[in-house]
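What follows is a single structure, written as structure tokens, with notes after it.
The values are calculated or read from the model by the stated rules, or taken from the named source; none is laboratory data. Since the model is a prediction, treat every value here as computed from it, not as a measurement. Heads up, the Cβs are rebuilt from the backbone with ideal geometry, glycines too, and the neighbour counts pull from every protein chain shown. Surface areas here come from the heavy atoms of the whole protein model, side chains and all, with no ligands, DNA or RNA. Shrake-Rupley method; radii C 1.70, N 1.55, O 1.52, S 1.80 Å.
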Amino acid sequence: MKKQFILLAVIMILVPLAKAQDASMIFNSKECTWFGLDFSQSRMIGSEGFQDPYQIKNHFFDSWNQLVVAEADKYNIGRAFLKDNVNYYLDAVEKRNELPNMDDLVINSEYTIPEEQVSVMIREYDMGDVTGLGIVFIVEAFDKLSETGRFWVTMFDAGTKEVLLTQKLTGKAGGFGIRNYWAKSYYNVLKDIEKDQYKKWRAKYGGK
């Protein structure tokens, strides 16, 4: 019994240390690859705000992703995540963003993606030749009722497909036109990460 207790105590100590060691890749890397906005399991909440599901899936999914690349100075991944160099690889999410069924895309009820589902999704990514630190925003919902976008901000090892850190963050939407209105939500999440969220992660997971 005593040996079992000691073994359990050692495991309880080593598991958090292993997680911290894994997560340290986030903070030690000077470079990352931005994978984009993954809408493969997202929902648009509030039918009055999303009257054309076909246009949302076949136009705006790509438009919201391309905006980050086209206006990289505004949607500044490197500044938010303290990286000297940011590469862009959208192929994986472009394929995944073909998955949603338009009949299920717009709803008028609550919706969540369980945290454990994030790892399942990352394992399904086609990483191409990408290695090193990957970053993706898995879009849980654009919610017209609360005027917010909800995202699983996820950092992972592209070489092993291991999720290093994921946390759900919410950003306030705003602006004119459907593209800009919802783009404001992930812009605000990036600004929150830049302001203090990244520092909180680094303090919690022991990055230097």
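Considering only residues of the stretch 177-186 that are among the aromatic types (F, W, Y) and in contact with a strand residue (DSSP E or B) (Cβ under 7 Å, 6 or more places away or on another chain), which is surrounded by the fewest Cβ atoms within 10 Å (Cβ to Cβ)? Reasoning before the result, please.
Step one: list which residues in the stretch 177-186 are among the aromatic types (F, W, Y), which gives 181-182, 186.
Checking the rest, the ones that are also in contact with a strand residue (DSSP E or B) (Cβ under 7 Å, 6 or more places away or on another chain) come to 182, 186.
On the way: W182: 29, Y186: 23.
Looking at the filtered set, the residue picked out is Y186.
Could you please find all residues in the stretch 26-47 being open to solvent by less than 60 Å² (accessible area, probe 1.4 Å) and either acidic (D, E) or assigned to a loop (DSSP other than H, G, I, E, B) (or both)?
S29, D38, F39, S40, Q41, S42, G46
Of the numbered conditions (1) open to solvent by 70 Å² or more (accessible area, probe 1.4 Å); (2) basic (K, R); (3) within 30 Å of Q51 (Cβ to Cβ), R96 fails exactly one; give the number of that condition.
(1)
Which of (1) open to solvent by less than 50 Å² (accessible area, probe 1.4 Å); (2) farther than 18 Å from F39 by Cα; (3) not acidic (D, E) does G149 not meet, given it meets every other one?
With respect to (1) open to solvent by less than 50 Å² (accessible area, probe 1.4 Å); (2) farther than 18 Å from F39 by Cα; (3) not acidic (D, E), G149 is out only on (2).
Note down all Cβ pairs under 7 Å where the first residue falls in the stretch 52-70 and is more than 19 Å from E140 (Cα to Cα), the second is β-branched (V, I, T), and they're at least six residues apart or on different chains.
none
Kindly establish whether D84 is open to solvent by 40 Å² or more (accessible area, probe 1.4 Å), farther than 23 Å from I56 by Cβ and either at pLDDT 95 or above or among the hydroxyl-bearing types (S, T, Y) (or both). If you could, list the steps in order and put the result at the bottom.
Numbers: open to solvent by 40 Å² or more (accessible area, probe 1.4 Å): yes; farther than 23 Å from I56 by Cβ: yes; either at pLDDT 95 or above or among the hydroxyl-bearing types (S, T, Y) (or both): yes.
Yes.
Test of understanding: among G134, G207, which residue is surrounded by 14 or more Cβ atoms within 10 Å (Cβ to Cβ) and at pLDDT below 95?
Checking each option against the conditions leaves just G207.
Looking at F137, is it under 22 Å from R43 (Cβ atoms) and not in a helix (DSSP H, G or I)? Let's see the steps before the verdict.
On the way: under 22 Å from R43 (Cβ atoms): yes; not in a helix (DSSP H, G or I): yes.
Yes; evaluated as a whole, the condition is true for this residue.
Restricting to the stretch 48-74, what's the tally of residues that are closer than 25 Å to K199 by Cα and surrounded by fewer than 18 Cβ atoms within 10 Å (Cβ to Cβ)? It would help to see each step written out before you state the result.
Residues of the stretch 48-74 closer than 25 Å to K199 by Cα: 68-69, 71-74.
Next cut, surrounded by fewer than 18 Cβ atoms within 10 Å (Cβ to Cβ) only: 69, 71-74.
Residues in the stretch 48-74 being closer than 25 Å to K199 by Cα and surrounded by fewer than 18 Cβ atoms within 10 Å (Cβ to Cβ): 5 in total.
Of the conditions (1) modelled with pLDDT under 95; (2) under 15 Å from A183 (Cα atoms), H59 clears all except one; give me its number.
If we test H59 against (1) modelled with pLDDT under 95; (2) under 15 Å from A183 (Cα atoms), just (1) comes out false.
So, in the stretch 109-127, of the ones that are open to solvent by 50 Å² or more (accessible area, probe 1.4 Å) and more than 22 Å from M44 (Cα to Cα), which residue ends up modelled with the lowest pLDDT?
Ranking the qualifying residues of the stretch 109-127, first place goes to D126.
Here is a yes/no grid of residues against (1) closer than 20 Å to G78 by Cα; (2) open to solvent by 20 Å² or more (accessible area, probe 1.4 Å); (3) of a type in the set (K, R); (4) not in a strand (DSSP E or B):
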site: A141; (1), (2), (3), (4): no, no, no, no
site: K168; (1), (2), (3), (4): yes, yes, yes, no
site: G175; (1), (2), (3), (4): no, yes, no, yes
site: K191; (1), (2), (3), (4): yes, yes, yes, yes
site: D196; (1), (2), (3), (4): yes, yes, no, yes
site: R202; (1), (2), (3), (4): yes, yes, yes, yes
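Here's a check for you: in the stretch 152-163, which residue that is in contact (Cβ under 8 Å) with a residue 40 or more places away in the chain and open to solvent by less than 20 Å² (accessible area, probe 1.4 Å) is nearest to S47 (Cα to Cα)? So that I can check it myself, show each step before the final result.
Step one: filter the stretch 152-163 for residues in contact (Cβ under 8 Å) with a residue 40 or more places away in the chain, giving 153, 155, 157-158, 162-163.
From what is left, the residues that are open to solvent by less than 20 Å² (accessible area, probe 1.4 Å) are 153, 155, 158.
Values: V153: 25, M155: 31, A158: 36 Å.
Only one residue tops the list, namely V153.
Are there any pairs, at least 6 apart or on different chains, whose C-beta atoms fall under 6 Å, with the first in the stretch 189-206 and more than 17 Å from G149 (Cα to Cα) and the second exposed (fewer than 15 other Cβ atoms within 10 Å of the Cβ) and modelled with pLDDT under 95, and if so, which?
Here the result reads Y205/A20; G206/A20, each pair linking the stretch 189-206 to a residue that is exposed (fewer than 15 other Cβ atoms within 10 Å of the Cβ) and modelled with pLDDT under 95.
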